[in-house]
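Chemist: Here you go, one structure.
The values are calculated or read from the model by the stated rules, or taken from the named source; none is laboratory data. All values reported here derive from a predicted model rather than from experimental measurement. Every residue, glycine among them, receives a Cβ derived from its backbone with ideal geometry; neighbour counts consider all protein chains shown.
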Amino acid sequence: MSAPVEKVSVAAISEADQAALAVDAARRSRLKWRKRLLPVLAVLCIGILWWQAVTQLGVKPFIAPSPLAVAQVFVTRFHMMLVNLAPTALEAVVGFVLGNTIAVLIATAFVQRKVVEEAFYPVALMVNTIPIVASAPILVLLLGNGIAPKVAISAIICFFPTLVNMTRGFRDVNPQALELMRVLSASDWEVFFKVRVKNALPFLFSALRITASTSVIGAIVGEWIGTNVGIGALIIQATYSFDSALLYASVVMGSALALLFFGIISVAETRIIKWNVAQAR
Amino acid sequence: MDAMTVSSKTTEAAVDCRGVTMRFVTARGVTTALQDISIAVPRGSFLTLLGPSGCGKSTLLRVVADLLHPTSGTVTVLGEKPEVARKNREIGFVFQDAALLPWRTAIQNVMLPLEVGGGAAHRGNRSAEELLALVGLAGWEDAFPHELSGGMRQRVAIARALICGPKLLLMDEPFGALDEITRDRLNEELLDVWASTGVTVLFVTHSIYEAAFLGQQVLLLAARPGRVRELVTVDLPSPRRLPVRETVEFVKLAGYLRTVLETC
C-alpha cells in the first residue's frame, strides 16, 4: 500500500525539510544531466576511435571515410542534402500515419469481432513474413515511380508492430473492470471507448516508438528502386561512385531523421499518458 | 436441502435463490461450483458468506449479479429476474480489486456508472461528492488512483457502487488485499454506510472475524461441491463497534464458526 501524496504548502515546510528537498533536487538534476550527457560522450568517443582507426591504419577514403570527411559533406553540400532529406521525410511521415491508422482500425475490428481476427490475423502474419526488399519491387511495379510505392512500403513496415501491440492493448484489460462494465450493462462500444482505448494507449506508444524508426527505413528501401531523389537514392548514387563520405553522411542523416521521429513520439507520450508515467515512477 | 428462509413472511426477499446449481466445464472435467443452493435474504439485511476457497461463494455472488447464469434453479433479485435488476441499476458490485480506471480521478471513477449503459437515468439520491464524503474521502475528489492508498481506492469503489442508489450491494472480498488495521476501520465504516443507506448487503469473505463482525447472518458454505453448510444468526448488539470482538459472545461465535469451517 503506497502512502498518499501529501499536499503541503510551502510555508509549512521546516528548515530540515527544505534541506532534504534541496539535496533531493540536486540529486535529480545531477541524474538528469548524466542521462543527457553520457550518450553525447559515448558518440564522441566512438567518433574519435573511428577517426583514429581510419588515420592510423591508413584506410583508403573510398573504403571508409574519416568522420571529418563526413562532417565536411554536411558543410559543403548542405543544400543538396536537405533537398534529398525532404522527400524521404515526407514519405516516412505519410507512410507512418497511414500504416499506423490502418493497423489501429484493424485491431479495433479484431477486438470487437473475434471472427475478423480469426480470418485475417494469419493473412496479416503472412504479409509480415515477406521481406521488405522483396515486396518493394512488387510495389514499384504496381504503383509506379512516384511517391506512392515509397509510402506504401513505409506503411507496410509500420503496420504489423502496431497491429500486434494494439490488439494486445485493447484486450489486456483488468478483468474486474470488464466485469464492472457488465454489471453496469455497458455496450461493447462503451467498453471500447471507456476502457479499452485508454488502456491501449501505452501499447500504442511503444508501437509508435518502433515504427517511428522503421517508417524511415521503409521510405529509404523504397527509394532504392527507380528514383533519383531522397536519402535512399543518395545512398545508391554514393555507393556506385565510391563516394564513401557522402554514403556515410546519408546514413547519418537517415538515422537523425528516425531519431527525430522517435523523440517527437516520446515527448507526445509523456504529454498524453499522465497516469501511467506517474505509476511507473 | 430445505430452503433456508430467514425472511419474515410479509416482506419479499431481496435475494431469493431456489435450487441454484452451477457447473463449469474446465480442462480437468466438469466442476460443480454450486449445488442446490436455496437461500432467501431479507431486504435491508447484512449477510456474510464464509467458506473455504472453492466453496463457490464468489460464484454465488456473480449468479446474483447476472454475471453468470446458473445451470439450473432460479434466482430472484428484489422480486425480479437478476437481469432486470442489473439493468435497472438495483445492484452495486464491489470487487476484491478496486478496479478503478487509472486515467480517471476519484470523482470521475465514481461517476462512471452514470456514463454507460443508460446509467444517467438511474442517478441515485446522493451526488458523487456526497458519496465520497460518506466513505471518508472528502477533499480527495481530484486525486488519481495512483495517488490513493489501497484502502482509499476501495472506498472509491464503494462510492462508485452506491452512485445509482442500489437496493442490493454485492461485495466480493473487498477488503481481502488490505492490511488488518485498514480492514478493521473499513469494516466499521461499512456498517455505518449500511445503516445510513438501508441497502441489503451480501459480503463474501474468508475471514471468520470479518464475517462475524459484519453479518446479521453468516452463511457457511462447504467446498467441492459448493453447498450450504449452515446459516448462523449473529446475536450481537448493533450498532457494532470494533471492541465487540473482545466480548465473550463474539469469541464464542467465532469459535463456533471455526469449528464448522473445519468440517467444510
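Chemist: Can you find, within segment A:211-227, the residue that is farthest from the other protein chains (Cβ to nearest Cβ) among those that are surrounded by 23 or more Cβ atoms within 10 Å (Cβ to Cβ) and among the aliphatic types (A, V, I, L, M)?
Modeler: Restricting to residues being surrounded by 23 or more Cβ atoms within 10 Å (Cβ to Cβ) and among the aliphatic types (A, V, I, L, M), the top hit is A:ILE220.
Chemist: Could you please let me know if B:ASP235 is charged (D, E, K, R), closer than 18 Å to B:LEU50 by Cα, surrounded by fewer than 21 Cβ atoms within 10 Å (Cβ to Cβ) and at pLDDT below 95?
Modeler: Here the answer is yes, as B:ASP235 does meet what is asked.
Chemist: OK, next. Among the residues of segment B:65-94, write down those that are in contact (Cβ under 8 Å) with a residue 40 or more places away in the chain, within 11 Å of chain A (Cβ to nearest Cβ) and buried (at least 23 other Cβ atoms within 10 Å of the Cβ).
Modeler: Listed by number, the residues that qualify are B:ALA65, B:ALA85, B:ARG89, B:ILE91, B:GLY92, B:PHE93, B:VAL94.
Chemist: Oh, and also: In a strand (DSSP E or B) and in contact with a Ser or Thr (Cβ under 6 Å, 6 or more places away or on another chain), is that true of B:VAL218?
Modeler: yes
Chemist: A further question follows. Against the definition (β-branched (Val, Ile, Thr) and either touching a His at 6+ places or on another chain (Cβ under 8 Å) or surrounded by fewer than 19 Cβ atoms within 10 Å (Cβ to Cβ) (or both)), how does B:THR31 come out, yes or no?
Modeler: The answer is yes for B:THR31.
Chemist: Right, next: Give all pairs with beta carbons closer than 9 Å in which a residue from segment A:248-262 that is under 21 Å from A:VAL54 (Cβ atoms) meets a residue that is not in a helix (DSSP H, G or I); count only pairs at least 6 apart in sequence or on separate chains.
Modeler: A:TYR248/A:ALA64; A:TYR248/A:PRO65; A:ALA249/A:PRO65; A:ALA249/A:ARG77
Chemist: Considering only residues that are surrounded by fewer than 19 Cβ atoms within 10 Å (Cβ to Cβ), of a type in the set (Gly, Ala, Ser) and either more than 17 Å from B:SER196 (Cα to Cα) or more than 13 Å from chain A (Cβ to nearest Cβ) (or both), which ones fall in segment B:112-137?
Modeler: Listed by number, the residues that qualify are B:GLY118, B:ALA120, B:ALA121, B:GLY124, B:SER127, B:ALA133.
Chemist: What number of residues within segment A:136-195 are within 14 Å of chain B (Cβ to nearest Cβ), hydrophobic (A, V, I, L, M, F, W, C), surrounded by fewer than 23 Cβ atoms within 10 Å (Cβ to Cβ) and not in a helix (DSSP H, G or I)?
Modeler: Residues flagged as within 14 Å of chain B (Cβ to nearest Cβ), hydrophobic (A, V, I, L, M, F, W, C), surrounded by fewer than 23 Cβ atoms within 10 Å (Cβ to Cβ) and not in a helix (DSSP H, G or I) within segment A:136-195 amount to 1.
Chemist: Residues A:LEU257, A:LEU208, A:LEU204: which one is within 14 Å of chain B (Cβ to nearest Cβ), buried (at least 18 other Cβ atoms within 10 Å of the Cβ), at pLDDT 95 or above and within 15 Å of the chain's Cα centre (by Cα)?
Modeler: A:LEU204
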